[in-house]
Structures are given as structure tokens and as C-alpha cells.
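> Here you go, one structure.
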Amino acid sequence: EGFRWMSLLKAWGLGGVLADEMGLGKTLQSLCMIKSETGDMPSIVVCPKTLVWSWDREIDKFFPGMKRIVIDSLKPEERVAKWKGAGKELIITSYSVVINDFPFVKDKYFETIVIDEAQQIKNNNTKRFRVLNSLKSKHRFALTGTPLENHVGDLWSIFQFIMPYYLGNKRDVDKMEKAGNNEELDLLRKKTAPFILRRLKSEILDELP
């Protein structure tokens, strides 16, 4: 279901937030979607440094023949060589590497950008948010078990990444939350609902292996 949902959004030129509870396979669903791509451009997964090799292990487990390049070296010259040598294969890297190596990433055009633990960009005043938003791609997806941690503005930041300006101006969203305008908040819920897929373990426990 998750794979079909992501594929449908891509076909319409839209993005989405896969917000399944932890342990329900957000990584695998995303890899299925990337594996199905037929374009000539590479896709990229950006995640916290601690998860970079988890993505690589998931590929080994489910799609061992899938070509990918992991850019995670502590040596800048090694990372630069990998950026320059990257072809059509999937690129897996971390938020910190993308920020540090931005001069080598900014002119690349990606088929799909997947950001894992997307709450990492919830603060729209950070360099991380600005850098991720400036990357060029056809499609964008965000993975997070907590799409809204503290404020509605967290969700605005993630949507600004996947579909810029779809939720309008952040000041208006902040003002709406501060005023506690239930009608406007309900409208916001309806606007975001088609682009957020969230399942809980408790709901689908019988289906799990």
C-alpha cells in the first residue's frame, strides 16, 4: 500500500510524508519506490549519520543487486571523489555530509530525494533546512514517525521541503496555531491528509510477520 501510494504521488508530480510508526518498514517501502525508477538520474537518501549504513544493510538484505554509493567518509577528498564519480546509482549520505559538501551537490539533479528522520529539518531557520530545500530534484519524500513533534510549524517545514509553498506562509501557520483557530486548523488537516500516510503497529499487528 505504501509503495503504491508513493508511486501515485510521483506520477502526479507530488511529494509525500511517509509517517508510519517505527518498525513498519519506511526504509523498505522507500527502496521499493526507488528501485522502480527508470530514469537516467540518480536518487539520493539523506539521513542521520547513524542510519547511513542501516540503509545499505537493508539494500543488501532485500535488493543485493541494487547499485548504490555510500558517501560517509571522514576524509573530504574521498567524499569529493565519490561525488564527482557518482553516476546513476542511488546515493546514500548524511545531513552533515550534504551540508559540508554542498558545493559538490548543488549542481546535481536528482530523480528523487528521500529524507529520513525528516523532523531534523523542522526548524526552518537552520542551515540544514536551507541546504536541503535548495537541492534540485523531480520528486521529494520525507520519512518520519513524528511529523509533528511540538508545533504545527514543524509540519510546515517538512511540507515546504516536499511541496514548496503548498501550506502558504509560515507566519500565517504560526498565527493560526497561536490563535487556536479550529476551523483553520481543520482546513490544514484536510489539506495535508492526502500527502501523509501513517499506520500504527496496533492497527496492523495481525498483518505483520
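The values are calculated or read from the model by the stated rules, or taken from the named source; none is laboratory data. Predicted, not measured: the structure shown is a model, and the values here were computed from it. Please note: Cβ atoms are built from the backbone with ideal geometry, for glycine as well, and neighbour counts cover all protein chains shown. Side chains included, ligands, DNA and RNA excluded: accessible areas come from the protein's heavy atoms. Shrake-Rupley method; radii C 1.70, N 1.55, O 1.52, S 1.80 Å.
> Which one of the conditions (1) open to solvent by 40 Å² or more (accessible area, probe 1.4 Å); (2) closer than 18 Å to Tyr95 by Cβ; (3) not acidic (Asp, Glu) does Met22 fail to meet, given that it meets all the rest?
Every condition holds for Met22 apart from (2).
> Here is a further query. Pick from the stretch 71-120 the residues that are hydrophobic (A, V, I, L, M, F, W, C) and out of contact with any helix residue (DSSP H, G or I) (no Cβ under 9 Å at 6 or more places or on another chain): which of them is surrounded by the most Cβ atoms within 10 Å (Cβ to Cβ)?
Out of the qualifying residues, it is Phe110.
> Spot the failing condition for Ser134; the list is (1) at pLDDT 80 or above; (2) touching a Leu at 6+ places or on another chain (Cβ under 9 Å), and only one is missed.
Of the numbered conditions (1) at pLDDT 80 or above; (2) touching a Leu at 6+ places or on another chain (Cβ under 9 Å), the odd one out for Ser134 is (2).
> While we're looking at this one, here's another question. Inspect the stretch 140-150 for any residue being open to solvent by less than 40 Å² (accessible area, probe 1.4 Å), closer than 21 Å to Ile44 by Cα and polar (S, T, N, Q) and give the result as yes or no.
The answer is yes, given that some residue of the stretch 140-150 is open to solvent by less than 40 Å² (accessible area, probe 1.4 Å), closer than 21 Å to Ile44 by Cα and polar (S, T, N, Q).
> Which pairs do you get when a residue that is within 10 Å of Leu143 (Cα to Cα), found in the stretch 19-30, comes within reach of a residue that is open to solvent by less than 30 Å² (accessible area, probe 1.4 Å) and among the polar types (S, T, N, Q), reach meaning Cβ atoms under 7 angstrom, with the pair 6+ apart or on two chains?
Matching pairs, first to second residue: Ala19/Thr144.
> Let me ask something else. Of all the residues that make up the stretch 25-53, how many are in a helix (DSSP H, G or I) and either open to solvent by less than 40 Å² (accessible area, probe 1.4 Å) or under 19 Å from Val105 (Cα atoms) (or both)?
Qualifying residue count, the stretch 25-53: 9.
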